Structures are given as structure tokens and as C-alpha cells.
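Scroll down for the structure; my scribbles are underneath it.
The values are calculated or read from the model by the stated rules, or taken from the named source; none is laboratory data. As the structure is a prediction and not an experimental result, all values here were calculated from the model. Neighbour counts are summed over all protein chains in view; Cβ atoms, including those assigned to glycine, are modelled from backbone coordinates with ideal geometry.
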Amino acid sequence: MKKIRIGAIGACSAIFGNVHGDGIINNPDKFELVALCDLNTEKLEKFAERFHVAQTYEDYREMIAKANLDAVVNATPTSSHAVTTIDCLNAGLHVICEKPISMTIEEADAMIDAAKKNNRILQIAVQSRHCDAWKKIRELIRGGRIGTPHTITITQFWDDPYVYNNWRTSAEISGGGIVADSCIHWIDMMRNLMGEITGVFGVGTPSPDSPMPHIEDSSLTLFRFQSGAIGCLRNGWRNVRWPNCNENVEINGTVGTIIGNLMNPWVRKDPQIVELFTVGGNPVGKEVFEFMTSRDRFTAQMADFAECVNGNRLVTCTAEDARRGLQIQQAIYDSYKTKQWQEI
């Protein structure tokens, strides 16, 4: 398989430095990291040295014109996703873009149109799809181990007092607060596990000590699924939990329950635990599955992207999936304003 010559826009962001960069270099048979682009020239040189990259650029247009790339990681803030991605697609490059896909549905549609027009891959980075523990949960559900699933609760809490010092708390750049920042991951997983979402009701609040009272630090959202099942998502920036216990799920079915402690994917220690409890299934009892791969989802995501670029498989999370996720995200914010259920 031909190595993919790949570059990065927003290369000095934490998301590239701690996630996508490692995902690329952990797939040395699939990628050659050729060029980095960022507006922060001081950090750019340090990142270039860290990843052993010779070509650096401040202007992404110059990078895509000169670096002889096949693909690009777009790790820019959300407000930049559409213009940078469309420019890359029009230049004939495949793109893996950070979530959420864009600020608006209109931007998402323009990105999808550009990918189709240029016959390029546009994949959205929702790495939980590539996590072995989440895949085991899907396998258990699809295998009928808990019968018919009827409720799901996902909790994702961070204790991050420094969140106010970056673009994520600027609604003009990120699209909102915690919901715009990370809710898309759990919308995607709920749809992946439980089927289509048809309605939402959400509430959000800033932390009591927040210097930005117009931004929600914590949110709670109820979901209704096409199947008749219901769900709940709790997520927040400032909610203190036991270390590495900030990504959890419970799924209840007619003959059993799945409980997952998926840990913190930003660190490499502690196993991820998935527990299956069955009372009416076969066998009856408890099964425990352990995965020492909390961070490997990022490596797997880039390997999957390479397979898509080389035509060996279909895109795992399509831009159309991400567009639907954005539509649901916007409905949650509409519910905040109207204090009513939003049908989707």
C-alpha cells in the first residue's frame, strides 16, 4: 500500500499534538507526515522538531500548493472547518476533519458537496467509533445479549478549570459551550448503538465560579429514539469525578444491562472495563471484558482513514453522519431557548 503524504492544519493545537500526530506516527506503514501548518510560529518549530517534519507553513493555502500532499488533518477551531476543508478538497486532497463538522448546516452541506465534486474522502474525527471497548458494547447489543435495549445513559465529565483560556469557550469560534465542544461524540455513539434520534430536550448551566456565565459548562440532555428507546447524556467541563472515570455508559435491555467505564482516552493507564449483566439471557450472570487500549482509538482512527483513502473500505463516520449530529446539536440549543422538546 502506497504511503499517504499527509499534512496538518492547526498543527500546534492540543488535539493534533496529543491525538492526531501520534495517530499518524503510530501508523508508519500507512503515512508519511510531510508538512505542518499553524499561525503560532514559535510552537510550530517545536512541533516540527518533535514530529521530524521538514516543511512548515503559516498559510495553509501555501502548504497545500507546495507540499505535494495526498491528505490533510484539519485540527483548526470549528469556525475554520468549512473554509479550510473546502479549499483542501478543491485542491484534490482527502481530509479528516475535527468535530463538529462545521458551525452551520449550510457550511456542512458545502463541505459535503466539495467532497463529492472532487471525489475525495471527507471523514470526521469521532474516535469513539474506533475504540475496542465501545465496539464490544455495540457487538453485545447487536448480538442480542441484553435483549431489546430501552434506555441508555452516557456520562462524560472533565475537571478542567483552565477551559476558559482557549477558543472552546468562545461561542463565535466553537459554536457554544460544552455541548458544541464534545456532545457530538456521544450523539454519534448513541446513534451508532441505539439507532436514529428523533427528539431532544436539553438544559445547560455555567459553573458557579465561571467567568463566562453565558456559556454552559454542564448540560443534561434527554433523547428519544426512533425505536421507542430513551436516553440521557450528562456532560460537563467542571464536574469533578474519580481520576480516569470520566467516560461511562449504562445500557438497559429486556434481559440484561451493559455498564462501561471507558476511562480517560487522553491518558494511557488503567484498563477500560465493560460489564455485562444478564438475568434472562444465555448465559445468565456476569461477564467482564477488559481493554488496555484507551488511547489506541486515535491510532485506529488514522489507520481507518488510510484504508478509506486507499479505497479498501467505506468511510466509518461520513460527513453526512456528522451533518446529522450537528443538526441534533443545534436542536439541543434550540431546546435550551424554548424549554421544550425539539423534534428532529
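Miscellaneous remarks
- Qualifying position, being more than 15 Å from CYS88 (Cβ to Cβ), among the aliphatic types (A, V, I, L, M) and surrounded by fewer than 21 Cβ atoms within 10 Å (Cβ to Cβ), among ILE146, ILE105: ILE105
- Which listed residue is at pLDDT below 90, hydrophobic (A, V, I, L, M, F, W, C) and in contact with an Asp or Glu (Cβ under 6 Å, 6 or more places away or on another chain), from VAL240, VAL279, VAL267, VAL288: VAL240
- Hey, GLU106 modelled with pLDDT under 95, part of a helix (DSSP H, G or I), charged (D, E, K, R) and farther than 25 Å from MET189 by Cβ or not: no
- Subset tally (residues that are surrounded by fewer than 17 Cβ atoms within 10 Å (Cβ to Cβ) and closer than 17 Å to ALA14 by Cβ) for region 171-195: 1
- Given (1) part of a loop (DSSP other than H, G, I, E, B); (2) surrounded by fewer than 23 Cβ atoms within 10 Å (Cβ to Cβ); (3) among the β-branched types (Val, Ile, Thr), number of the condition THR198 does not satisfy: (1)
- Condition check for ILE121: in contact with a strand residue (DSSP E or B) (Cβ under 7 Å, 6 or more places away or on another chain) and closer than 14 Å to PHE305 by Cα: yes
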